[in-house]
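> Let me begin by handing over the structure; questions about it come next.
The values are calculated or read from the model by the stated rules, or taken from the named source; none is laboratory data. Predicted model, so just to flag it, every value in this text is computed and none were measured. We place every Cβ from the backbone using ideal geometry, glycine too, and count neighbours over all the protein chains shown.
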Amino acid sequence: MVIRRLSAAVVALALLLPAASAQAVPPPPDPKLDPSAADIDEARRLFENGDTKFANGNHEAAVLAFRRAFALSGFASCLYNIALIYDRTEDYQAALEYMHYYEVYAKDYDLDEFAEAVADLERRKELADEEALAQAELVEENDEPLGPIDSAPSDGRPIYGVGAIVATSIAAIGLGVGIGLGVTSQRRKDEASSACGLDPEGDRFCPGAAGAPLDASRRFALGADIAFGVGGVAAVTAIVLIAVRAAKNKRAQSALVPSRRGAALIVRF
């Protein structure tokens with residue numbers, strides 16, 4: 001039992017390590033009070049380099065570039081970008097710290113958006129910590145490490161909304177009805193064909209009795225086309241609704257950092 005609890009404690013420490021290590025993130029360097037034109041040009045070059053590094057997934061290099069750009073220019077947008085990078089790497093504590101650095105140096109920002117962004121980061125940090133503790137408890141119960149616990153979207157909604165469920169149901173019904181009508185149409189057509197034959201001259205001849213099955217076959221075929229059309233439209237609608245809902249859930253998982261550009265990297269001073 002002691003060994004098991006010790007194992008769980010070690011796993012909990014490992015899972016919480018990103019949050020703990022975030023406390024060691026260095027603060028931004030002191031910016032120059034009176035940057036020269038050459039400093040601004042170099043800062044702009046570093047800023048663009050950081051943007052490129054971030055786009056390529058080289059987060060450490062991007063942070064270094066933005067830190068150096070801030071030291072030369074003092075532009076708070078550099079700190080905004082660093083906070084966003086830490087958020088994308090799920091180092092929420094570091095992201096929160098740099099959000100507050102941004103608050104100190106930024107000259108113009110939306111207070112409500114900033115408060116919302118900080119609250120969102122704090123909430124997701126709390127969720128991450130709770131998942132780490134839950135993982136440790138599972139390790140203690142099962143005496144073996146488990147894979148990471150998948151979390152639900154931040155807004156708690158599945159990708160299937162009511163509209164998508166209804167559209168999927170209509171699509172399934174439409175396709176099912178279309179198949180049934182198509183089979184019935186073919187059967188009536190075969191019934192009419194069986195009543196037909198060849199006249200003495202070798203031409204195909206169908207008696208009047210074959211007319212009713214042929215008319216019924218055409219009606220069923222038309223119904224099948226309509227059912228397939230309705231089912232197809234409903235299926236496309238369901239796919240669109242699911243894609244839109246999934247995109248909204250994904251956006252909800254990223255920090256709403258204070259910028260009228262939205263939660264995206266600032267690409268210029």
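> Any residue at all in region 184-194 that is modelled with pLDDT of 80 or more, of a type in the set (S, T, Y) and surrounded by 14 or more Cβ atoms within 10 Å (Cβ to Cβ)?
Yes, some residue in region 184-194 is modelled with pLDDT of 80 or more, of a type in the set (S, T, Y) and surrounded by 14 or more Cβ atoms within 10 Å (Cβ to Cβ).
> Testing Y105 on (1) within 28 Å of the chain's Cα centre (by Cα); (2) among the hydroxyl-bearing types (S, T, Y); (3) surrounded by 15 or more Cβ atoms within 10 Å (Cβ to Cβ); (4) modelled with pLDDT of 85 or more, one condition comes back false. Which one is that?
In the conditions (1) within 28 Å of the chain's Cα centre (by Cα); (2) among the hydroxyl-bearing types (S, T, Y); (3) surrounded by 15 or more Cβ atoms within 10 Å (Cβ to Cβ); (4) modelled with pLDDT of 85 or more, Y105 misses (1) alone.
> Return yes or no: is E126 under 17 Å from N81 (Cα atoms) and without any contact (Cβ under 8 Å) to a residue 12 or more places away in the chain?
Spelling it out, it is not the case that E126 is under 17 Å from N81 (Cα atoms) and without any contact (Cβ under 8 Å) to a residue 12 or more places away in the chain.
> Return only the number of the condition from (1) at pLDDT below 75; (2) part of a helix (DSSP H, G or I) that D225 does not satisfy.
D225 satisfies every listed condition except (1).
> Among the listed residues N49, N58, which satisfies the condition of being farther than 30 Å from E131 by Cβ and free of Cβ contacts under 8 Å to residues at least 24 places away in the same chain?
N49
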